[in-house]
Amino acid sequence: MTAISCKEEARMTDGPDRDFWLPVSGFDLPRFAGLPSFMRLPFVPPGHPRFKEVEVGLVGAPWDGGTTNRPGPRHGPRQLRDLSTMIRAENGATGVRPFERRRCADLGDVAPNPADLMDSLARMEAFFIDLRAAGILPLTAGGDHLCTLPILRALARDRPLGMIQFDSHTDLFHSYFGGMRYTHGTPFRRAVEEGLLDPRRVCQIGIRGGTYDREDRDFAAAVGIRIVPVEEVHARGVEDVMAEARAIVGEDDTYVSYDIDFVDPAYAPGTGTPEVGGPTSWQALSVVRQLQGLRIVGADLVEVSPPFDPPGGTAFLGVSILFELLCVIASSAGPSAEGGAA
């Protein structure tokens, strides 16, 4: 847990409207009651009079137009919201109380166009451009992994970002089905081509499973992306791998993208393209805690697919990962306590 400034500490304890920004406690309202918002936070959509006061915005991206096999992540944000009522005020492992460090709110969902892929990408980009203009750091719940591309288009308008990606797939392929360039298997190829990511500051962790060819690996090697296969994660351990990842992205602006299929399907079966041999749920949380100290400008959790996980265990793991990301963001460089970029 990092030290906080006197200004932050004062804001945590003082102020007539402090309670507005705190989640509803399970001591005050049972977790099964009330309208669900992300982590029981206030609902402050664009246009709300307090929108520009938000520092970290939780956003739903209910869209899976880039899915190439088993659809369903469009339903992810709704289930993630429901399961997030189990999140409490303090991280039991790190002691961080993120809702007292940053003004957090549920900003609602990006409204996609399920009949038009390109229009949906444009809508998402415009939504996140508005967040960036307001100085709000986005924490997004997908949706399939193509959702990350328009977010990067919004956040990397001035210069390319670094990225740490937790995934079982590289998502670096050129195209699918004879030239379809926009699927959940291509977003980071496009992001490098468009200058949104600095490939020398990109680290992909947990990659595994069968493949059609080595096109994605060859592209990564050609541009300087570091791929850490899951075998290396198991052999070296989380701390060693994450130390390398932190060194790769360095101290400059970094995006974090977390595909739930990074986790072994024994712990996260509710996803469209599962791959066996992955990390445990404990390791899934541990890798996020090792992001402490990075300058994170945005993050997402994608590919939770409720139709393949009726009991909701995958979604609960997903919101637990989102909470860990929020704890790291709240105690790292990012939006200042007065709003805007630090």
Exercise for the section: Could you tell me whether any residue of the stretch 50-58 is aliphatic (A, V, I, L, M), open to solvent by less than 20 Å² (accessible area, probe 1.4 Å), at pLDDT 90 or above and in a helix (DSSP H, G or I)? Expected result: no
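Kindly provide the set of residues from the stretch 263-284 that are among the hydrophobic types (A, V, I, L, M, F, W, C) and either in contact with a Pro (Cβ under 7 Å, 6 or more places away or on another chain) or open to solvent by 30 Å² or more (accessible area, probe 1.4 Å) (or both), ordered by number.
Within the stretch 263-284, the first condition is being among the hydrophobic types (A, V, I, L, M, F, W, C), and the residues that meet it are 263, 266, 268, 276, 282, 284.
Answer for the stretch 263-284, where residues must be among the hydrophobic types (A, V, I, L, M, F, W, C) and either in contact with a Pro (Cβ under 7 Å, 6 or more places away or on another chain) or open to solvent by 30 Å² or more (accessible area, probe 1.4 Å) (or both): Val263, Ala266, Val276, Trp282.
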Fill in the blank from the handout: Scanning the stretch 196-226 for residues that are open to solvent by less than 50 Å² (accessible area, probe 1.4 Å) and not in a strand (DSSP E or B) gives Leu196, Arg208, Gly209, Asp216, Phe219, Ala220, Val223, Gly224, Ile225
Practice task
Filter the stretch 1-47 down to residues that are of a type in the set (Val, Ile, Thr) and at pLDDT 50 or above, then give me how many there are.
Solution key: 2
Handout entry: Filter pass, Thr85 being touching a residue at least 60 places away in the same chain (Cβ under 8 Å) and among the β-branched types (Val, Ile, Thr)
Key = no
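What is the residue count in the stretch 117-149 for residues that are charged (D, E, K, R), over 17 Å from Thr186 (Cβ atoms) and either open to solvent by less than 10 Å² (accessible area, probe 1.4 Å) or in contact with a helix residue (DSSP H, G or I) (Cβ under 9 Å, 6 or more places away or on another chain) (or both)?
Number satisfying all stated conditions: 3.
Being of a type in the set (Gly, Ala, Ser) and more than 21 Å from the chain's Cα centre (by Cα): is that true of Ala222 here?
Details: of a type in the set (Gly, Ala, Ser): yes; more than 21 Å from the chain's Cα centre (by Cα): yes.
In short, yes.
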Problem - Check on Thr273, touching a Gly at 6+ places or on another chain (Cβ under 9 Å) and of a type in the set (S, T, N, Q) - result: yes
Handout entry: Test for Leu107: is it in contact with a Gly (Cβ under 7 Å, 6 or more places away or on another chain) and surrounded by 24 or more Cβ atoms within 10 Å (Cβ to Cβ)
Key = yes
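Residue-wise test of (1) buried (at least 22 other Cβ atoms within 10 Å of the Cβ); (2) charged (D, E, K, R).
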| residue | (1), (2) |
| --- | --- |
| Asp19 | no, yes |
| Leu22 | no, no |
| Ala33 | no, no |
| Pro45 | no, no |
| Asp64 | yes, yes |
| Pro71 | no, no |
| Pro77 | yes, no |
| Ala89 | no, no |
Problem - Output for the stretch 170-195, where each listed residue is open to solvent by 20 Å² or more (accessible area, probe 1.4 Å), of a type in the set (D, E, K, R) and not in a helix (DSSP H, G or I) - result: Arg181, Glu194
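With respect to Leu294, is the statement that it is farther than 24 Å from Ser320 by Cα, crowded, with 19+ Cβ neighbours inside 10 Å and not small (Gly, Ala, Ser) true?
Here the answer is no, as Leu294 does not meet what is asked.
The values are calculated or read from the model by the stated rules, or taken from the named source; none is laboratory data. Just so we're clear, the structure is a prediction, and the values are computed from it rather than from any experiment. Cβ: placed from backbone, ideal geometry, glycine included. Neighbour counts: every protein chain shown. SASA here: full protein model, heavy atoms, side chains in, ligands and nucleic acids out. Shrake-Rupley method; radii C 1.70, N 1.55, O 1.52, S 1.80 Å.
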